[in-house]
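Report on the structure given below.
The values are calculated or read from the model by the stated rules, or taken from the named source; none is laboratory data. Quantities reported herein were computed from a predicted structural model and do not represent experimental measurements. We place every Cβ from the backbone using ideal geometry, glycine too, and count neighbours over all the protein chains shown. Surface areas here come from the heavy atoms of the whole protein model, side chains and all, with no ligands, DNA or RNA. Shrake-Rupley method; radii C 1.70, N 1.55, O 1.52, S 1.80 Å.
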Amino acid sequence: MRALLLNNYAEAALFLPPDADLLREIYTCAQQAYVMLPWHDAIESTWGAVLAHTGRPKLALHHLQAALAQQDTAASKANTLAFMALAHQRLGAREEAAACMARAVAVDSESYVVRHL
């Protein structure tokens, strides 16, 4: 239960105005959740999203792709694809970012993550 709470906090906090202290806290929460339940697709997706936000987009893509392969709902797939778009954008791969975001919109255009990234 603790891992899921840490994960949910980290994911929600990604959409707050960022500052250095908050990013450190988000990173710590997501990392702890991932250490506890690394096989959980939502936790791996959040860990990947946090890595993208904190300057590790290549590692982020590794985790996001692994999470995407396990997900079975449209919303979770769309969220992960949107975070993949962010990671590609951080790498300077604009075409890949656009393709991921287009896939995310096609899967679930009403997803909170898709609408806010």
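With helices as the sole contributors, the chain gives -25500 deg cm²/dmol at 222 nm; each DSSP H run of n ≥ 4 counts as -39500 (n - 2.57), and the sum is divided by every residue.
The stretch between ALA74 and LEU23 holds 15.6 nm of extra length on full extension. This uses 0.36 nm per residue minus the Cα-Cα distance.
Net charge in the neighbourhood of ASN79 (other residues with Cβ under 10 Å of its Cβ; Lys, Arg +1, Asp, Glu -1) is -1.
Stretching GLU110 away from GLN32 to a fully extended chain increases their span by 25.2 nm, per 0.36 nm per residue minus the current alpha-carbon distance. For THR46, neighbours were defined as the other residues whose beta-carbon sits under 15 Å from its Cβ, and their charges (Lys and Arg +1, Asp and Glu -1) total -1. Along the charge dipole of the chain, pointing to its positive end and built from +1/-1 on Cβ of Lys, Arg, Asp and Glu, which listed residue (ALA93, ALA60, TYR112) has its Cα farthest out? Selected residue: ALA93. Taking other residues whose beta carbon is less than 11 angstrom from the beta carbon of ASP108, and scoring Lys, Arg as +1 and Asp, Glu as -1, yields +2.
For the range 33-117, the set of GluC sites (Glu not before Pro) satisfying both a DSSP loop assignment and a count of at most 11 other C-beta atoms within 10 Å is given as GLU110. Applying the Karplus relation 6.51 cos²θ - 1.76 cosθ + 1.60 with θ = phi - 60° to the range 64-70 yields 3J(HN,Hα) values of 5, 5, 5, 5, 4, 5, 9 Hz, where x marks Gly and Pro. Just the number, please: Stokes-Einstein D of the range 1-107 in µm²/s, Kirkwood Rh from C-alpha pairs, 37 °C, 0.692 mPa s. The Stokes-Einstein estimate is 245 µm²/s. In the complete set of protein chains, residue-level accessible area for TYR34 is approximately 50 Å², probe 1.4 angstrom. Distances between every pair of Cα atoms in the range 1-45, grouped in 10 Å steps from 0 to the bin holding the largest one, split as 33, 53, 14 percent. Karplus-based coupling profile of the range 22-34, in residue order and whole Hz: 5, 4, 5, 5, 4, 4, 4, 5, 5, 5, 4, 4, 5, with θ = phi - 60° in 6.51 cos²θ - 1.76 cosθ + 1.60 and x standing for Gly or Pro.
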